[in-house]
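**Student:** Please read through the structure below; I'll follow up with questions.
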Amino acid sequence: MDIGQLLDIARHRFPDKKALVSLGRVYTYEQFHQRVHRLMAALHERGVRPGDRVAAMMWNRSEILEVYLAAVSLGAMFMPINFRLMTPDLEYVLKDSQPEVVFCEQRFVPVLREAADGLDCPPHHMPVVADDPEQVGDSGYEQFLATGYPEFCGPALDGKTPCQLMYTSGTTGRPKGVMLSHENVIWNSLNMLQVRGDRPEDVALVVGPLFHVAALNSHYTTRLALGATAVIMHKFDPLEMMRLVEREKITVVSGTPTMFVMLMEKCRADDFDTSSVTTLTSGADKLPDHIKLSMLKYFPAAQGVFDVFGCTECSPCVTTLTAEESMRKTGCVGRPLPFLQVRLVDEQGHDVSRGEPGEVAVRGPNVMLGYYKQPEATDQVLRDGWLYTGDLAVADRDGALYVVDRKKDIIITGGENVSPREVEEVLYYHPEVVKAAVVGVPDAKWGEKICAAVVLRNGRQVTEEEIRSFCKKSLAGFKVPKKILFVAQLPESGTGKVKKNELRAMLSE
């Protein structure tokens, strides 16, 4: 089966049902299917063939999903571009991928053209989508789409055909293009549907950026597989999010800890009717317990928060802490999903004992095909059928995992190994701390010293020594941060993960 068939099935089952709500426009599955097939025909007419790359640089909107489904149904690879990239990084991604077509919003045309000017082979076509929804009908994108016809049928595809080229966030170096197949993405959906109990009658709010694998695959493609309704939020805004929840009777809300913190800063729990929401999910970073508790005040019909752990290379999900267990297992990311295997291994690749930290290794039909044009990098992480993720975790007696840290982020100070995550967990319990991130920076005496960047609640003031004293109540002395920097915000990737390389540079200064 391929992803395009998911749309075909949904259209036959629910032709008149809402498929998408986006920027004030509503498309039924019949209407959406016609638009996607028109776009398929138009792309095919422009020479797009299996294996080609089709890119999109847009904020969240229905057009990016049309491009996604049209591209993958032709056997091409869909490549969503992080719209936060500056020209040098954008030029790198375009040069690495060499897309045949790039769809973009009007607002991104200048930076995209500047980046494309530096390429030996710039994209052949660049259909532009109007920023203003009222002007979409006159845009280059609509003119491009109108040249196709809705009866067009794509080629027969194998499940192992590459369908997505997802560039990693680059928190540990240059982004790499992760190649995912139709089979990878569909198995990820099956895993999440099994654990989360999603339903065809769900109305899901897609908040995260669709250039991120979690939003595209776990938040949207799972809805498509069910024939459910997806409400696409153009750009995250806490007040608008709550208005959408109330107006569209949203049943599923997915986000990141950062989004949920912003929601609680900007909105009051009692100002909106959120009684329709029965499912909450969080991913991209750790979700502290006090934020979970606060979220349940905003969405009281939910019985907990599904906390998801994964990586782009796994399409992306590996484990899920269920809503029922979310307040019982502190700091836990849950058990491995049904249709994959997980091991915790030492440096030699041997299984570690229960309770001992080990690198998370994953095997299953959701694991990527490899890194685009990087066979050596692929061989480093894909060995004997297992993906070595670089994440360290311990397992409890129930087989549930607790992520300790990224393997490369472990701090060695005075000969002692310290997990930044352990220190961050303590910092998050301070009543005035909203966000925290911990790294090690070079130190002549200790080898590395532990440093923390902390974001405080609006208008609050706390001293460095007060934070240290708080940490000393829960941490051994060598684990207490020696330097604390108070910042307005942490450097984060488009997926909400802290860019520890940038943080290290800030704290080194």
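**Student:** Which of the residues belonging to segment 312-333 are touching a residue at least 60 places away in the same chain (Cβ under 8 Å) and basic (Lys, Arg)?
**Tutor:** Within segment 312-333, just LYS329 meets the criteria.
**Student:** Say we look at segment 165-191 and pick out the residues that are among the hydroxyl-bearing types (Ser, Thr, Tyr) and modelled with pLDDT under 95; which of these is farthest from ASP409 (Cα to Cα)?
**Tutor:** Here is the first cut: in segment 165-191, the ones among the hydroxyl-bearing types (Ser, Thr, Tyr) are 167-169, 171-172, 181, 189.
Among the residues that remain, those that are also modelled with pLDDT under 95 are: 167-169, 171-172.
Working: TYR167: 21, THR168: 17, SER169: 16, THR171: 11, THR172: 9 Å.
Going through the qualifying residues, I end up with TYR167.
**Student:** Looking at ALA42 and the list (1) touching a residue at least 60 places away in the same chain (Cβ under 8 Å); (2) among the aliphatic types (A, V, I, L, M); (3) out of contact with any Phe, Trp or Tyr (no Cβ under 7 Å at 6 or more places or on another chain), which single condition is not satisfied?
**Tutor:** (3)
**Student:** Sticking with this structure for a sec: Of the residues that make up segment 270-277, is at least one modelled with pLDDT under 95, farther than 19 Å from SER62 by Cα and not in a loop (DSSP other than H, G, I, E, B)?
**Tutor:** Yes: one or more hits.
**Student:** Can you tell me which residue is farthest from MET262 (Cα to Cα) among those in segment 461-486 that are surrounded by fewer than 18 Cβ atoms within 10 Å (Cβ to Cβ) and within 31 Å of the chain's Cα centre (by Cα)?
**Tutor:** Among residues in segment 461-486 that are surrounded by fewer than 18 Cβ atoms within 10 Å (Cβ to Cβ) and within 31 Å of the chain's Cα centre (by Cα), the one farthest from MET262 (Cα to Cα) is LYS483.
**Student:** Shifting gears a bit: Out of VAL252, VAL185, VAL231, which single residue is under 29 Å from ALA436 (Cβ atoms) and either outside the structural domain of ILE9 (by TED's automatic domain parsing) or among the β-branched types (Val, Ile, Thr) (or both)?
**Tutor:** On the way: VAL185 fails: under 29 Å from ALA436 (Cβ atoms); VAL231 fails: under 29 Å from ALA436 (Cβ atoms).
Of the residues listed, the single one that is under 29 Å from ALA436 (Cβ atoms) and either outside the structural domain of ILE9 (by TED's automatic domain parsing) or among the β-branched types (Val, Ile, Thr) (or both) is VAL252.
**Student:** Go through segment 199-209 and give me each residue that's crowded, with 22+ Cβ neighbours inside 10 Å and outside any strand (DSSP E or B).
**Tutor:** Answer for segment 199-209, where residues must be crowded, with 22+ Cβ neighbours inside 10 Å and outside any strand (DSSP E or B): VAL207, GLY208, PRO209.
**Student:** I want to confirm something. Restricting to segment 486-509 and keeping residues that are outside any helix (DSSP H, G or I) and acidic (Asp, Glu), which single residue is modelled with the highest pLDDT?
**Tutor:** GLU492
**Student:** Within segment 59-91, track down each residue that is over 21 Å from the mean Cα position of the chain (by Cα) and either part of a helix (DSSP H, G or I) or modelled with pLDDT under 95 (or both).
**Tutor:** ALA70, SER73, THR87, PRO88, GLU91 - these are the residues of segment 59-91 that are over 21 Å from the mean Cα position of the chain (by Cα) and either part of a helix (DSSP H, G or I) or modelled with pLDDT under 95 (or both).
**Student:** Could you give me the residue pairs with C-beta distances under 7 Å whose first residue belongs to segment 459-486 and is free of Cβ contacts under 8 Å to residues at least 40 places away in the same chain, whose second residue is surrounded by 13 or more Cβ atoms within 10 Å (Cβ to Cβ) and in a loop (DSSP other than H, G, I, E, B) wherever it lies, and which are 6+ apart or on separate chains?
**Tutor:** Close Cβ pairs satisfying both conditions: ARG460/GLU432; VAL462/GLU432; ARG468/VAL480; ARG468/PRO481; LYS472/VAL480.
**Student:** I'm trying to understand the selection: among the residues of segment 88-106, which are under 20 Å from LEU145 (Cα atoms) and touching a residue at least 40 places away in the same chain (Cβ under 8 Å)? Before the answer, list the steps.
**Tutor:** Within segment 88-106, the subset under 20 Å from LEU145 (Cα atoms) is 99-106.
The answer is PRO99, GLU100, VAL101, VAL102, PHE103, CYS104, GLU105.
**Student:** Provide a single number: the residues in segment 208-225 that are modelled with pLDDT of 95 or more and either out of contact with any strand residue (DSSP E or B) (no Cβ under 9 Å at 6 or more places or on another chain) or of a type in the set (Phe, Trp, Tyr) (or both).
**Tutor:** 3
**Student:** In addition: What's the number of the condition ASN217 fails, among (1) crowded, with 22+ Cβ neighbours inside 10 Å; (2) not hydroxyl-bearing (Ser, Thr, Tyr); (3) not in a helix (DSSP H, G or I)?
**Tutor:** (3)
**Student:** So how many residues does segment 334-365 have that are farther than 22 Å from ASP398 by Cβ and in contact (Cβ under 8 Å) with a residue 40 or more places away in the chain?
**Tutor:** 1
**Student:** I'd like to know if segment 133-145 contains one or more residues that are assigned to a loop (DSSP other than H, G, I, E, B) and in contact with a helix residue (DSSP H, G or I) (Cβ under 9 Å, 6 or more places away or on another chain).
**Tutor:** Step one: filter segment 133-145 for residues assigned to a loop (DSSP other than H, G, I, E, B), giving 139.
Filter again for in contact with a helix residue (DSSP H, G or I) (Cβ under 9 Å, 6 or more places away or on another chain), leaving 139.
Looking for residues that are assigned to a loop (DSSP other than H, G, I, E, B) and in contact with a helix residue (DSSP H, G or I) (Cβ under 9 Å, 6 or more places away or on another chain), one finds at least one in segment 133-145, hence yes.
**Student:** Another question, then. Where residues in segment 92-147 are more than 22 Å from HIS33 (Cα to Cα) and among the small types (Gly, Ala, Ser), which of them is modelled with the highest pLDDT?
**Tutor:** Going through the qualifying residues, I end up with SER97.
**Student:** Right, another one. What pairs come out if I take residues in segment 133-155 that are surrounded by 17 or more Cβ atoms within 10 Å (Cβ to Cβ) and pair them with residues that are of a type in the set (S, T, N, Q) whose C-beta lies under 7 Å away, six or more apart or interchain?
**Tutor:** GLY154/SER73
**Student:** Please work out which residue is nearest to ALA70 (Cα to Cα), limiting yourself to segment 1-26 and to residues that are free of Cβ contacts under 8 Å to residues at least 60 places away in the same chain and touching an Asp or Glu at 6+ places or on another chain (Cβ under 9 Å).
**Tutor:** The qualifying residue nearest to ALA70 (Cα to Cα) is ARG11.
**Student:** If VAL261 meets every condition in (1) farther than 20 Å from ARG84 by Cβ; (2) out of contact with any Gly (no Cβ under 9 Å at 6 or more places or on another chain); (3) modelled with pLDDT under 90 apart from one, which number is that one?
**Tutor:** Of everything listed in (1) farther than 20 Å from ARG84 by Cβ; (2) out of contact with any Gly (no Cβ under 9 Å at 6 or more places or on another chain); (3) modelled with pLDDT under 90, VAL261 misses just condition (1).
**Student:** Report whether or not LEU263 is touching a Pro at 6+ places or on another chain (Cβ under 6 Å) and part of a loop (DSSP other than H, G, I, E, B). Give the steps one after another, and end with the answer.
**Tutor:** Values: touching a Pro at 6+ places or on another chain (Cβ under 6 Å): yes; part of a loop (DSSP other than H, G, I, E, B): no.
When the stated conditions are applied, LEU263 does not pass them.
**Student:** Something else now. Taking the conditions exactly as written (free of Cβ contacts under 8 Å to residues at least 60 places away in the same chain, within 21 Å of the chain's Cα centre (by Cα) and not in a loop (DSSP other than H, G, I, E, B)), does LYS292 satisfy them or not?
**Tutor:** Working: free of Cβ contacts under 8 Å to residues at least 60 places away in the same chain: yes; within 21 Å of the chain's Cα centre (by Cα): yes; not in a loop (DSSP other than H, G, I, E, B): yes.
The answer is yes for LYS292.
**Student:** Can I ask one more? What are the residue pairs meeting all of these: first residue in segment 263-289, first residue in contact (Cβ under 8 Å) with a residue 60 or more places away in the chain, second residue surrounded by fewer than 16 Cβ atoms within 10 Å (Cβ to Cβ) and assigned to a loop (DSSP other than H, G, I, E, B), Cβ atoms under 6 Å, and 6 or more apart or on different chains?
**Tutor:** SER276/LYS249
**Student:** All but one of (1) over 21 Å from GLY137 (Cβ atoms); (2) surrounded by fewer than 22 Cβ atoms within 10 Å (Cβ to Cβ) hold for PRO80; state the number of the condition that does not hold.
**Tutor:** Failing condition for PRO80: (2).
The values are calculated or read from the model by the stated rules, or taken from the named source; none is laboratory data. On a predicted model such as this, the values are computed, not experimentally measured, just so you know. Positions of Cβ are backbone-derived with ideal geometry, glycine not excepted, and every protein chain shown enters the neighbour counts.
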